[in-house]
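Please read the structure below before turning to the comments.
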Amino acid sequence: MTEIRIENLSKDFDGFLAVDDVNIAIPFGELYSFLGPSGCGKTTLLRMIAGFEIPRSGRIVLGEQDITDLPPYKRPVNTIFQNYSLFPHMTVFDNVAFGLHIRKTPREDIRAQVHKMLALVKMEDQASKYPAQLSGGQKQRIAIARALINEPKVLLLDEPLAALDLKLRQHMLIELMNIHDAVGITFIYVTHDQSEAMSISDRVAVMENGRIVQSGPPDDIYERPASIFSAYFIGETNLFSAEVVGLEDEYVQLKCDSGDGQSFEIDSTFHFTPVLGQKLTVSLRPEKIAITRGKPGNQDDFNVLRGTIEDILYLGTHTQYIVKVGKLRVRVFSQHKRVYFDEKALDWEEPVWLFWHDTDTWLINEIHEPDQGNINPESVGSIQRGKRAGAN
Amino acid sequence: MSRKTALTRKSLEAQALRKRNISSYLLTLPALLWLLVFFLIPYFIVLIYSFLTPGTYDVKFTFTLDAYRQIANGSYLRPFFLAFRLAFFTTVICLLLGFPVAYYIARAKDKLRNTLLILIIIPFWTNLIIRIFSWRIFLASEGVLNSVLLKLHLASQPLELLRTDLAVILVMVYVYLPYMILPLYSVLEKLDFTLLHAAMDLGANEARAFFSITLPLAVEGIFAGALLVFIPALGAYLIPQLVGNQQSLYVGQVITYKIKNIPRNWPMASAMSFTLLLLVALLLLVMYYLYRRRLRSRTY
Amino acid sequence: MLRMSQLKRTYQGLNLTLFTLVMVFLYIPIVILVIYSFNDAKIVTSWKGFTLNYYLRLWENDAIKEALRNTLLIAGLSTFISTVFGVLAALGLENKRFSGRKGLLALIYTPLVIPDILMGVSLALLFNFTRVNTGMLTVLIAHITFCVSYTIIVVQSRLEGFDYSLVEAAMDLGAKPAAIFMKIKFPLMLPGIVAAALLAFTLSIDDFIITFFTSGRGFDTLPIYVEGTIRRGAITTINSLSTLMIAFTLFLVVVTKRVRKTLISSL
């Protein structure tokens, strides 16, 4: 099967290394995302695949064909641009027909194919309109139809949903997945929005400073982040600086710094072999932590912590608690304000118990810099995501 | 399989850049050559002619500083003085009249705004000479204004309105007003009027608000408008010729007479043209300096 | 709040009054001219009754017809040539890294900030110095010279806002550079080109002073003819001629509005 292979690809702009020695192979038919904050090089990478940028070194191979130095108009790939880039002086029909028109396809064939494409994106009745008369979502559909009509081997999507509002974005996301299933070609999707990437992709490559720091299926990246950056950029997490104080067959004992000179001990399973005395970082997703007023009973295989509620944020789908443990602020997502039916809701300043299973922690073989912070009290749920993305 | 090295790719990029540069040269070449031959070089000829000796129909190619000597000793001071006076008054009156108009249009509703702009532009598109001519009809001693004044017994005999310095200023203002209104409008249109409200909300009265908010923000428009009115006014010929009198000759008229009328004095016309050119350049430099200083002092 | 709305009203009331006065000022001479073109009197004194006589006389006047023909010929040719130059130069100036860009821009902008009369004088002397006989050719050269800066600037300012991603989109869809220019770039430049051409046409028709210096005897454009007639005091036909020219201006305004609207609506 045709796959796209990127080998040792680098690109610099006047000395600034935008893409740094990227190697990746994308199997045919996958929906593959490049995810990262703005300036991480994901768009440059996409533009090199499209042919808009000349790489400094490395190559791009599509199936058997080296396309590194081909001009854009000779590549069997098409792009969905961030602002759609529909031709303002052409009707919807002419926009979609453009690629075929250039290839001098017979008129009747063009008509038939355009209508088929417009049907695919549910825009059959808009053929004679001009782009200025369309809504954002409609423009998006036309951009997709205009690209897909050329039967590319790969479709490149550059932040295709960034300009749409939230509701439409969710809708178009499902639509895109359906279109991907219908045409069955490779989609390469670039976004800074981790929830978009997580929900739509077969696989995700997380990028930072021009490099791919981790790639794999979304759940893999979420559950098993390879770096602090991955853990922090995708979803939300609590990070503890820890030192290995005990090694068992199944788990390690860790001494975590609570920031006030004190420390607490937790147990964790591990996926690499730590050595005694090693310093590392523990990632603990907020939704893995249970929060109760009463002391939990069976404590085998569970870690238990004592803390005080500093803040409660009701978010509809769940409630977020900020719990102070020493000087650390631990974030906890809980779907019930009352953990037991006879219990009254947890309140500000209340002392609480936090507990989670040993397997829910994830060890990262990096040292957590304090200035990266554990929790910024203001950053909550989607707002936090928006903030990181907001730099775009 | 082509596996290009970093080095060859870099030189490819440089080559593409060079190619673009060459095509830029080729594309701009016709305009460049045209402006060199028919705009820039003629000024050198003006400079050369200003040092020659006048003949009745042509010039004699003998070097002399006569023309500049006459300008320097003040024989031709009055036409320059008149031109600057005219340009000054025209600019000031255009600004005073144009500002409220531009302000009014900028604050009008969107739909109305375009109509109002068209209303300003129509006279501007009407042939210059026709507009001047229509003022002659209006101002002539047997013209419209005088007959109205006589009928209303506001005057006992026809007033001498045409062929006065005042008439020249009036028609200059009439012709150049749109040149002032349009740039003023384009800055006022972008002005954030909530600032004005904020200032008034903070207790500034309307005059204060105008002088501390509106005016400073509109300065760019005032600069542009003043430039568009003052400079052409310096070289005015047609308006003084058609509505002015022969006692007040402006520099444009004198230059034209020296070129067109016999006995010709092309060296004199050239010297005056060159002097005018230098004065304009000086003026532009001063304006540019003031503008730059304003930009630098701006802190927002 | 009350105080503010009151202020606003005084403000607007004052502005409205001034605006109306300025409008009256701008239109009174034109209106009078139009009315008097139908006046049955030899000189403009008072109303002597309605007539179309002067329009008929206009039609019989060969000198006027010749001047009109000259004007349109010069305007048409200078518009065409200066617009072509303008489009080419604007495309060349699009390349921001182009090494001669700054100097060229200075050369393009300078004619706009120098009094017209100086261009007239310098061209007159150029043609004298090179012993070129003044006439149609010299007038044409002069008109192209003062139009070309404007056409370059108008086309260039339109290109400034050009969305380059459209070119990338076309490339992406398989279009080669030539096809991209013909199908994307040129159509999108067209409103700017039309605007530039209209401006050049208006400037050319309107020009008196530069033509005055560069036309020889026997080659009159309308403004030259009108000025000469006024100077000789034989003004009877000028009213009606002027009215027709005003009507032409209005026609041009309506047409350009229509043209702009259709062009803009297609964007």
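Among the aliphatic types (A, V, I, L, M), farther than 30 Å from B:Asn21 by Cα and facing chain B (nearest Cβ under 9 Å): is that true of C:Val121 in this structure? Taking the combined requirement at face value, the residue satisfies it. Pull out all pairs, ordered by first then second residue, where Cβ-Cβ is under 7 Å, the residues are six or more apart or on different chains, the first lies in the range A:309-332 and is among the hydroxyl-bearing types (Ser, Thr, Tyr), and the second is in a strand (DSSP E or B). Every condition considered, the pairs that remain are A:Thr319/A:Ile312; A:Thr319/A:Leu313; A:Thr319/A:Ser334; A:Tyr321/A:Ile291; A:Tyr321/A:Ile309; A:Tyr321/A:Ile312; A:Tyr321/A:Val332; A:Tyr321/A:Ser334. A:Ile367 passes every criterion in (1) touching a residue at least 40 places away in the same chain (Cβ under 8 Å); (2) exposed (fewer than 15 other Cβ atoms within 10 Å of the Cβ); (3) over 12 Å from A:Ala242 (Cα atoms); (4) not charged (D, E, K, R) apart from (3).
Being of a type in the set (Asp, Glu) and assigned to a loop (DSSP other than H, G, I, E, B) is a property that A:Glu175 lacks.
If we scan the range C:75-94, do we find a residue that is aliphatic (A, V, I, L, M), touching a Phe, Trp or Tyr at 6+ places or on another chain (Cβ under 6 Å) and closer than 23 Å to C:Leu190 by Cα?
Here is the first cut: in the range C:75-94, the residues aliphatic (A, V, I, L, M) are C:75, C:77, C:81, C:84, C:87-91, C:93.
The next check asks that each one be touching a Phe, Trp or Tyr at 6+ places or on another chain (Cβ under 6 Å); those that pass are C:75.
Next cut, closer than 23 Å to C:Leu190 by Cα only: C:75.
Scanning the range C:75-94, I find at least one residue that is aliphatic (A, V, I, L, M), touching a Phe, Trp or Tyr at 6+ places or on another chain (Cβ under 6 Å) and closer than 23 Å to C:Leu190 by Cα, so the answer is yes.
Among the residues here, A:Leu35 qualifies as of a type outside the set (Gly, Ala, Ser), away from chain B (no Cβ under 14 Å) and in contact with a Ser or Thr (Cβ under 8 Å, 6 or more places away or on another chain). For the range A:70-114, residues that are of a type outside the set (S, T, N, Q), within 31 Å of the chain's Cα centre (by Cα) and surrounded by 17 or more Cβ atoms within 10 Å (Cβ to Cβ) total 11.
Only one residue in B:Tyr104, B:Tyr68, B:Tyr43, B:Tyr57 is of a type in the set (Phe, Trp, Tyr) and farther than 27 Å from B:Ser273 by Cβ. Which one?
Within the list B:Tyr104, B:Tyr68, B:Tyr43, B:Tyr57, the selection yields B:Tyr104.
Report whether or not C:Leu93 is more than 21 Å from the chain's Cα centre (by Cα) and more than 8 Å from every other protein chain (Cβ to nearest Cβ). For C:Leu93, the condition - more than 21 Å from the chain's Cα centre (by Cα) and more than 8 Å from every other protein chain (Cβ to nearest Cβ) - is not met. Scanning the range C:125-139 for residues that are part of a helix (DSSP H, G or I) and either surrounded by fewer than 19 Cβ atoms within 10 Å (Cβ to Cβ) or acidic (Asp, Glu) (or both) turns up C:Asn128, C:Phe129, C:Met136, C:Leu137. Picking from residues in the range A:34-61 that are farther than 19 Å from A:Val204 by Cα and of a type outside the set (Gly, Ala, Ser), the one that is surrounded by the most Cβ atoms within 10 Å (Cβ to Cβ) is A:Pro55.
Taking the criterion of being in contact (Cβ under 8 Å) with a residue 60 or more places away in the chain, more than 12 Å from chain C (Cβ to nearest Cβ) and under 22 Å from the mean Cα position of the chain (by Cα), would at least one residue in the range B:249-260 satisfy it?
At the first step, the residues of the range B:249-260 found to be in contact (Cβ under 8 Å) with a residue 60 or more places away in the chain are B:249-254.
Still in the running and more than 12 Å from chain C (Cβ to nearest Cβ): B:249.
Adding the requirement that they be under 22 Å from the mean Cα position of the chain (by Cα) leaves B:249.
Among the residues of the range B:249-260, at least one is in contact (Cβ under 8 Å) with a residue 60 or more places away in the chain, more than 12 Å from chain C (Cβ to nearest Cβ) and under 22 Å from the mean Cα position of the chain (by Cα), which makes the answer yes.
Name the residues in the range C:102-115 that are surrounded by fewer than 17 Cβ atoms within 10 Å (Cβ to Cβ) and either more than 8 Å from every other protein chain (Cβ to nearest Cβ) or in a loop (DSSP other than H, G, I, E, B) (or both), would you? Within the range C:102-115, C:Lys102, C:Gly103, C:Leu105, C:Ala106, C:Tyr109, C:Leu112 meet the criteria.
Tell me which residues, restricted to the range A:40-62, are hydroxyl-bearing (Ser, Thr, Tyr) and within 12 Å of chain B (Cβ to nearest Cβ).
A:Ser57, the sole residue that qualifies.
When the test is whether a residue is assigned to a strand (DSSP E or B) and outside the structural domain of A:Val204 (by TED's automatic domain parsing), A:Thr281 passes it. Whether a residue is surrounded by 15 or more Cβ atoms within 10 Å (Cβ to Cβ), β-branched (Val, Ile, Thr) and farther than 21 Å from B:Val243 by Cβ was assessed, and B:Ile120 passes this test. Of the helices (runs of 4 or more DSSP H) lying entirely inside the range A:25-136, those containing at least 2 residues that are among the hydrophobic types (A, V, I, L, M, F, W, C), within 19 Å of A:Glu159 (Cα to Cα) and in contact (Cβ under 8 Å) with a residue 60 or more places away in the chain span A:42-50.
Highlighted here are the helices (runs of 4 or more DSSP H) found entirely within the range B:181-300 that include at least 3 residues which are charged (D, E, K, R): B:266-297.
Comparison of C:Ala195, C:Ala178, C:Ala234 shows that the only residue that is more than 11 Å from chain B (Cβ to nearest Cβ), at pLDDT 85 or above and either surrounded by 15 or more Cβ atoms within 10 Å (Cβ to Cβ) or assigned to a loop (DSSP other than H, G, I, E, B) (or both) is C:Ala195. The set of residues in the range B:102-161 that are more than 11 Å from chain C (Cβ to nearest Cβ) and touching a Gly at 6+ places or on another chain (Cβ under 9 Å) contains only B:Leu161.
Criterion applied to C:Tyr164, C:Tyr150 was being hydroxyl-bearing (Ser, Thr, Tyr), more than 7 Å from chain B (Cβ to nearest Cβ) and surrounded by fewer than 17 Cβ atoms within 10 Å (Cβ to Cβ), and the one residue passing it is C:Tyr164.
Results for (1) within 14 Å of A:Gly235 (Cβ to Cβ); (2) surrounded by fewer than 16 Cβ atoms within 10 Å (Cβ to Cβ), shown as yes or no for each residue.
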| position | (1), (2) |
| --- | --- |
| A:Ile174 | no, yes |
| A:Asn178 | no, yes |
| A:Asp181 | no, yes |
| A:Gly184 | no, yes |
| A:Ile188 | no, no |
| A:Thr191 | no, no |
| A:Val204 | yes, no |
| A:Pro218 | yes, no |
| A:Ile221 | yes, no |
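The values are calculated or read from the model by the stated rules, or taken from the named source; none is laboratory data. Please read all numbers here as calculations on a predicted model, not as lab measurements. Please note: Cβ atoms are built from the backbone with ideal geometry, for glycine as well, and neighbour counts cover all protein chains shown.
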